[in-house]
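Here's the structure we're looking at; comments come further down.
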Amino acid sequence: MDTHWESICRRCGRCCYQKIIYRNILYYTDIPCVYLDQNRMECKIYSQRQEINSECALLTPALVQSGVLPPECAYLKNCGSSKGAGQHISKLPQRLQRRLLRHLK
């Protein structure tokens, strides 16, 4: 990606948190990627993230338009999309939250 594309990011770090898909809805959790520096909200392996972490998706305009990013993401505003994922795991019943989160740890 070019420098302009990279400059859009506001370093909120939300896209670097574990996600769960349940009944075709994407839910964000409060579990950060092991490579996220939570103090700086930056990836520790950014330049090699695709090689080291196979689950790290390359952020492209198509991915932004797909609706998987959190609604506060600066890329959504830049690409003219209002289709953010917007769901947090806390919206699910606690029993289901615990069951789903066990698979991430």
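Listed values, structure above:
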| read-out | value |
| --- | --- |
| Residue list for segment 34-57, restricted to those being closer than 15 Å to Cys9 by Cβ and either surrounded by 14 or more Cβ atoms within 10 Å (Cβ to Cβ) or without any contact (Cβ under 8 Å) to a residue 24 or more places away in the chain (or both) | Leu36, Asp37, Met41, Glu42, Cys43, Tyr46, Ser47, Arg49, Cys56, Ala57 |
| Residue within segment 30-49 that is within 21 Å of Leu104 (Cα to Cα), of a type outside the set (Val, Ile, Thr) and in contact with a Pro (Cβ under 7 Å, 6 or more places away or on another chain) present | yes |
| Among residues of segment 58-95, those that are in contact with a strand residue (DSSP E or B) (Cβ under 9 Å, 6 or more places away or on another chain) and free of Cβ contacts under 8 Å to residues at least 12 places away in the same chain, counted | 1 |
| Residue within segment 82-95 that is modelled with pLDDT of 85 or more, part of a helix (DSSP H, G or I), more than 15 Å from the chain's Cα centre (by Cα) and more than 30 Å from Asp2 (Cβ to Cβ) present | yes |
| Per-region count, segment 87-97, residues of a type outside the set (A, V, I, L, M) and more than 19 Å from Pro32 (Cβ to Cβ) | 4 |
| Qualifying residue in segment 11-19 (condition: in a strand (DSSP E or B), of a type outside the set (Ser, Thr, Tyr) and surrounded by 13 or more Cβ atoms within 10 Å (Cβ to Cβ)) | yes |
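The values are calculated or read from the model by the stated rules, or taken from the named source; none is laboratory data. Since we're looking at a predicted model, the values are computed, not measured. A quick note on method: Cβ atoms are made from the backbone with ideal geometry, for glycine too, and the neighbour counts reach across all protein chains shown.
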